[in-house]
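Chemist: This is the structure I want to talk about, given as structure tokens.
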Amino acid sequence: MAEGKQGWTCLLVLICVCITVGTVIPVGYAFGVMNAPSAFIRSWIMESALVRYSSRLGDSQMTIMMSAVVSIFLIGGMLGAPFAPIFSARLGRRGILTLSGLLLLVSSICQLFCRMANSIEMLLLGRLIGGLAAALIYATQPMYLVELAPAELSGSVGVFTCIGLTGGIVLGQVFSFDFLLGTEKLWPYALSGSAIFVLIGLAPIFWFPESPRFLMSQGRREKARVTLMRLRRDEGRVNAEMAEFEVSSADEGQRVTMKQVLCNSKLKLPLFIVCSFHFVQQMSGISAIWFYSIEIFTQSGFTAAVAMWLNFALGLLNFISALLGPWLMRSFNRRLMMAISCLCSAIFLVLLVVGLELMSTIHEFSFACIAFLSLYIVTFNMGLGPIPYFIGSEIFETPSRPSAMALGSFFNWLANFVLNMIFPTLNSATGPFVFLLCVVFCAYGFLLTYRYLPETRNRDAKDVAQLMENGFKSKIK
């Protein structure tokens, strides 16, 4: 690791904020914007099917159509993830984020004009393209920021993915309120509102530098040095990092394909950790808790309108908790934060199950459930929320990093899709006990962290990778 500590610079802060606003916030926005105007979208789909196809859709068919509108975004994510390393090698980190921004704009255009064209297919296409862009962003944005930052800030910049997602969800909720764009006439504008953030955030992207590690992997040594000097403004620091790059480039060789990553026994454990962390993050129930939140608030005696605002307040708490990420990742070890997050999330989900079961007979437990929900959100954002997005950048060396990050992204989308498909059915069959499935995954995440995750804070990826070369027989330090 390069000698000497370096803090934040104005350029690094600007890059982190703009890239997050222009790429990750639109992804979170796509998740948060769909709930409020869903009744208007449902009504329009019925009318459009009747006019264009002379077909009157029944309730079951409408349920399938609305599920398709929501889930096709996740399917796009799964389809797009395998292409991330291919584009990353050819376009670079900055290039693939630019491509993602263009795809997000196309997605917004499709959703904006779908009602004008009276085309359900255009709405579905827009959501699908948005999912493809999101997959590229998941795999590239944290890697780009980590490779621009000094090693001691890798965790701090890595959590901007989580900040952007939670912030985007809140903004999606705000834009879709009925006093803004969540009306029968304006819902297409609500769905396409993320274009504003893409245009603002990515406006200066061509002024931002390419990743110096990527430049070195392409043999562009002088360009990498110029980029590092622009980022660090410290010649001694630049010389030390360039020396590290030289050694890494000599040892690592050319880019490793996804097939090679999957077949390399030395990469088995780090790949298992990255994919598991992404899967656990989604299966821990962060998306599913919103299914119960409105019910908990109404059971507590609040009106439907107040319950909606309290649900928004929970989303705001989610975002505020994520804002603590840069400080937490810089101040505390990854193993500690991930272990605490998994363990506490499991505990509060168990308490939530108990509270939900007793809420109908003992009114006071409804307020306890609000507390358990809030505490779960806070503890989730201590580790489970941010760490899966950037841990791949800290345990994989440069050649294998894009493929590993893409595989992790695929498992994130897969888990999100699986949970969205099975949760309503399991909830109908078991009620609040469905959250015990999420508890199992949180416990799995804790055990995996305790047994196999090496500490990565303030460590070079090359040093961390050596600790895991023996696979599941590795002795973690």
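The values are calculated or read from the model by the stated rules, or taken from the named source; none is laboratory data. Please read these numbers as outputs of a predicted model, since none were measured by experiment. Methodologically, a virtual Cβ is constructed for each residue, glycine included, from the backbone with ideal geometry; neighbour enumeration extends over all protein chains shown. Side chains included, ligands, DNA and RNA excluded: accessible areas come from the protein's heavy atoms. Shrake-Rupley method; radii C 1.70, N 1.55, O 1.52, S 1.80 Å.
Chemist: What residue among Gly201, Gly95, Gly80 has its Cα farthest toward the positive end of the dipole of the chain, where the charges are +1 on Lys, Arg and -1 on Asp, Glu, each on the Cβ?
Modeler: Towards the positive end, the residue furthest out is Gly95.
Chemist: Sticking with this structure for a sec: Once ligands and nucleic acids are excluded and a 1.4 Å probe is used, how much of Phe279 is accessible, expressed in Å² to the nearest 10?
Modeler: Roll a 1.4 Å probe over it and Phe279 shows about 50 Å².
Chemist: Excluding ligands and nucleic acids, what accessible area in Å² is computed for Val174 using a 1.4 Å probe, to the nearest 10?
Modeler: Estimated to the nearest 10 Å², Val174 gives 40 Å².
Chemist: Now for a different question. Once you sort the root eigenvalues of the Cα gyration tensor of the range 307-381 as a ≥ b ≥ c, which label holds: rounded (a/c under 1.5), prolate (a/b larger than b/c) or oblate (the other case)? Present the calculation step by step, with values, prior to reporting the outcome.
Modeler: On the way: a/c = 4.44, a/b = 1.66, b/c = 2.68.
Because a/c hits 1.5 or more and a/b fails to exceed b/c, the range 307-381 counts as oblate.
Chemist: Ordering Lys268, Lys473 by how much accessible area each has at a 1.4 Å probe, largest first, what is the list? Each step should come with its number before you reach the end.
Modeler: Working: Lys268 110, Lys473 175 Å².
So, going from the largest accessible area down, we get Lys473, Lys268.
Chemist: When N is the residue count of the range 255-476, what does its C-alpha Rg come to as a fraction of 2.2 N^0.38 Å?
Modeler: Values: Rg = 18.8 Å, N = 222, 2.2 N^0.38 = 17.1 Å.
That ratio works out to 1.10.
Chemist: Sorted by mean Cβ packing within 10 Å, highest first, what order do the peptides 414-420, 20-26 take? Spell out each step's value before the answer.
Modeler: On the way: 414-420: 19.0, 20-26: 27.3.
Result, highest mean first: 20-26, 414-420.
Chemist: For the chain, what are the DSSP H helices with axial Cα length of 20 Å or more and mean Kyte-Doolittle hydropathy of at least 1.0?
Modeler: Length and hydropathy pass: 59-80, 84-113, 120-148, 160-175, 268-283, 304-323, 334-358, 365-380, 435-452.
Chemist: Something else: Of the heavy-atom accessible surface of the chain (probe 1.4 angstrom), what whole percent is carbon and sulfur?
Modeler: On the way: 12880 of 19330 Å².
So the carbon and sulfur contribution to the accessible surface is 67 percent.
Chemist: P(r) of the range 57-119 in 10 Å steps, Cα pairs, percent per bin?
Modeler: Pair shares across the bins are 18, 37, 28, 14, 3.
Chemist: Excluding Met66 itself, what net charge comes from residues whose Cβ is under 13 Å from its Cβ, given Lys and Arg +1 and Asp and Glu -1? Could you put the intermediate results ahead of the total?
Modeler: Values: positive: Arg42, Arg127; negative: Asp59.
Neighbour charge sum, excluding Met66 itself: +1.
Chemist: Using protein chains only and a probe of 1.4 angstrom, how many square angstrom of Leu103 are accessible, to the nearest 10?
Modeler: Surface accessible to solvent at Leu103 totals approximately 50 Å².
Chemist: With a probe of 1.4 Å, find how much accessible area the range 255-476 has per residue, and write the answer as a whole number in Å². Walk me through the numbers before you get to the answer.
Modeler: Details: 8970 Å² over 222 residues.
With the other protein chains kept in place, the range 255-476 gives 40 Å² per residue.
Chemist: Still on this structure, please answer the following. How large is Rg/Rh for the range 345-477, to two decimals, with Cα atoms and a Kirkwood Rh? It would help to have the intermediate numbers written out before the result.
Modeler: Numbers: Rg = 18.4 Å, Rh = 17.2 Å.
Taking Rg over the Kirkwood Rh, I get 1.07.
Chemist: Using the heavy atoms of the protein chains and a 1.4 angstrom probe, tell me the accessible area per residue for the range 10-207 in square angstrom.
Modeler: Details: 7240 Å² over 198 residues.
About 37 Å² of surface per residue is accessible.
Chemist: Here are a few candidate values for Kirkwood radius over Cα pairs in Å: (1) 23.0; (2) 23.6; (3) 24.5. Which one was actually calculated from the structure I just gave you?
Modeler: The value matching this structure is (1).
Chemist: Just by accessible area at a 1.4 angstrom probe, what is the order of His363, His278 from largest to smallest? Walk me through the numbers before you get to the answer.
Modeler: Numbers: His363 85, His278 10 Å².
Ranked from most to least accessible, the order is His363, His278.
Chemist: Now for a separate question. At what distance in angstrom do the alpha carbon centres of the range 67-114 and the range 172-226 lie from each other?
Modeler: Between the Cα centre of the range 67-114 and that of the range 172-226, the gap is 12 Å.
Chemist: Could you bin all the Cα-Cα distances of the range 10-207 into 10 Å bins starting at 0 and give me the percent of pairs in each, rounded to whole numbers?
Modeler: Whole-percent P(r) values from 0 Å outward: 10, 36, 32, 16, 6, 1, 0.
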